[in-house]
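Below: the structure, in structure tokens.
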There are 2 protein chains.
Amino acid sequence: METKIRKRRPAFDREEGVAIAKGLFHERGYDAVGVADLCDALGIVAPSLYAAYGSKAELFNRAMKRYVETDFLPLDDILTPDSRPEEALTKLFVRATEQYTRHDKWKGCMVTEGMRADDETARNMAAELAKGGSEIIANYIREHGAKDPERVTDYVLMTLRGLSSYACLGYTTERLTHCAEMAGRALEDDFRTLAA
Amino acid sequence: METKIRKRRPAFDREEGVAIAKGLFHERGYDAVGVADLCDALGIVAPSLYAAYGSKAELFNRAMKRYVETDFLPLDDILTPDSRPEEALTKLFVRATEQYTRHDKWKGCMVTEGMRADDETARNMAAELAKGGSEIIANYIREHGAKDPERVTDYVLMTLRGLSSYACLGYTTERLTHCAEMAGRALEDDFRTLAA
DNA sequence: ACATCTATTTAGCGGTCGCTATATATTTTT
DNA sequence: AAAAATATATAGCGACCGCTAAATAGATGT
């Protein structure tokens, strides 16, 4: 009876694992990425993944958080107080479009699309994370003289959803940018002119 | 040894089966509805389903076709030649919104959302079916004096996607209708005024 | 050197997925 | 009445799903 000798990989980098998972989840969506896919991509086996992250959903959550930190639009830079709100929000549409269509994989907004996952846990995680960005936009609109802040906010968020969804279908940056600019024109009469 | 006698349901109504499947698929999406769910809802067992429809995907296709026939917007009524194109398209947004938010289940556009399924076959079927509606809208825009028909068409379809997606999240008819009306305002300068 | 602890390994759990081979019940045709 | 065609039933296929118990290799602390 020969003794069985088992080799072992060194411990893997958890943060890098999150980054790789972010790529997979963003590319294919929560439901379409299996634990086996994640394990292959990270070069580990399932129990290592569960020891490190707890569950597929928690890994997805960490991946989304990383996405928000590293890939997300710098809302504070875009929604600057020195340009008219209509212009700033149009700029938001255009910048979002550019980001949603920049890469061949990684299309659309990972969080926005995550809110449409089949898995309820993943959906709730995405919705929770999306609240942050939505509130920044809602606050900006409220504080910059929108005549009906709630409606304008709904319109802006709805448009961002449309842009993200359209980006996922593979539309080019150019075509989608025109959509973004057109969408901005709807905002023209929605803000009080703040006299300087 | 007693002879085993097996009872049998009478043959089921294929068309009614398609209608029931339409309800399930629209409510939960292609990927989230399993063959077992369909069988339970139709009151049959799997081999009957396959004998009648061939595959889950083909049943989905028939369900979508039924949706287009029975539930879809009457584009010809909405895009009438007797109102200004901006008004007709705004009406399209509003009518779409009403339809997308009318029922608690069955939210959004079944075909539009089908295009985002994880299953490639289902996605392609939905995309193929969506072409019909898209072309009607594109033709209308082209033939009614749009300055840049392709861009306006992109904008309209993108907005419909946003409305459908937002409807799926559960937003009320009222809030979404305001979005639809705002979206229509972006179209104001995009059509040449056709002198009477 | 030894014990402890952490992260990996093998192996496999129960469940669901879409789907089907085969047999039998019922209807239709002859 | 018998034969052929049709639609149901039982039973179960192989593949994948997310996840885990138990064992062991390697790092760390004393």
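Could you look through region B:6-62, keep only residues that are open to solvent by less than 90 Å² (accessible area, probe 1.4 Å) and among the hydroxyl-bearing types (S, T, Y), and pick out the one that is nearest to DNA strand C (Cβ to nearest atom)?
B:S55
Counting only residues that are more than 7 Å from chain B (Cβ to nearest Cβ), farther than 24 Å from A:P81 by Cβ, in a helix (DSSP H, G or I) and small (G, A, S), how many does region A:149-194 have?
2
Read through the list (1) out of contact with any Asp or Glu (no Cβ under 9 Å at 6 or more places or on another chain); (2) more than 14 Å from chain A (Cβ to nearest Cβ); (3) more than 14 Å from DNA strand D (Cβ to nearest atom), then give the number of the only condition that B:F60 fails.
That leaves (1) as the condition not met.
For region B:49-56, indicate whether the set of residues that are within 16 Å of DNA strand D (Cβ to nearest atom), among the basic types (K, R) and at pLDDT below 95 is non-empty.
So far as region B:49-56 goes, no, none of its residues is within 16 Å of DNA strand D (Cβ to nearest atom), among the basic types (K, R) and at pLDDT below 95.
Could you grab me the full set of residues in region A:139-196 that are in contact with a strand residue (DSSP E or B) (Cβ under 7 Å, 6 or more places away or on another chain) and small (G, A, S)?
The answer is A:G145, A:A146.
Can you confirm whether B:T112 is within 14 Å of chain A (Cβ to nearest Cβ) and not aromatic (F, W, Y)?
yes
Does A:R142 satisfy being in a helix (DSSP H, G or I), open to solvent by 20 Å² or more (accessible area, probe 1.4 Å), more than 8 Å from chain B (Cβ to nearest Cβ) and charged (D, E, K, R)?
Taking the combined requirement at face value, the residue satisfies it.
Restricting attention to region A:123-140, does a residue exist that is of a type in the set (A, V, I, L, M, F, W, C) and under 17 Å from A:E86 (Cβ atoms)?
Yes - at least one qualifying residue is present in region A:123-140.
Pick out the one residue from A:V156, A:V152 that is of a type in the set (A, V, I, L, M) and farther than 20 Å from A:Y100 by Cβ.
A:V152
Are any of the residues in region B:74-82 in a helix (DSSP H, G or I) and among the polar types (S, T, N, Q)?
no
Starting from residues that are at pLDDT below 95 and among the charged types (D, E, K, R), keep the ones in region A:159-193 and report whichever is most open to solvent (accessible area, probe 1.4 Å).
Filtering region A:159-193 for residues that are at pLDDT below 95 and among the charged types (D, E, K, R), the one most open to solvent (accessible area, probe 1.4 Å) comes out as A:R192.
Examine region A:86-93 for a residue that is of a type outside the set (S, T, Y) and loosely packed, with under 15 Cβ neighbours inside 10 Å, and state whether such a residue exists.
yes
Does A:A96 satisfy being of a type in the set (A, V, I, L, M, F, W, C), buried (at least 21 other Cβ atoms within 10 Å of the Cβ) and in a loop (DSSP other than H, G, I, E, B)?
When the stated conditions are applied, A:A96 does not pass them.
The values are calculated or read from the model by the stated rules, or taken from the named source; none is laboratory data. Because the structure is predicted, anything quoted here is derived from the model rather than measured. All Cβ positions, even for glycine, are placed from backbone atoms using ideal geometry, and neighbour counts span all protein chains on display. Protein only, heavy atoms only, side chains kept; ligands, DNA and RNA dropped before computing areas. Shrake-Rupley method; radii C 1.70, N 1.55, O 1.52, S 1.80 Å.
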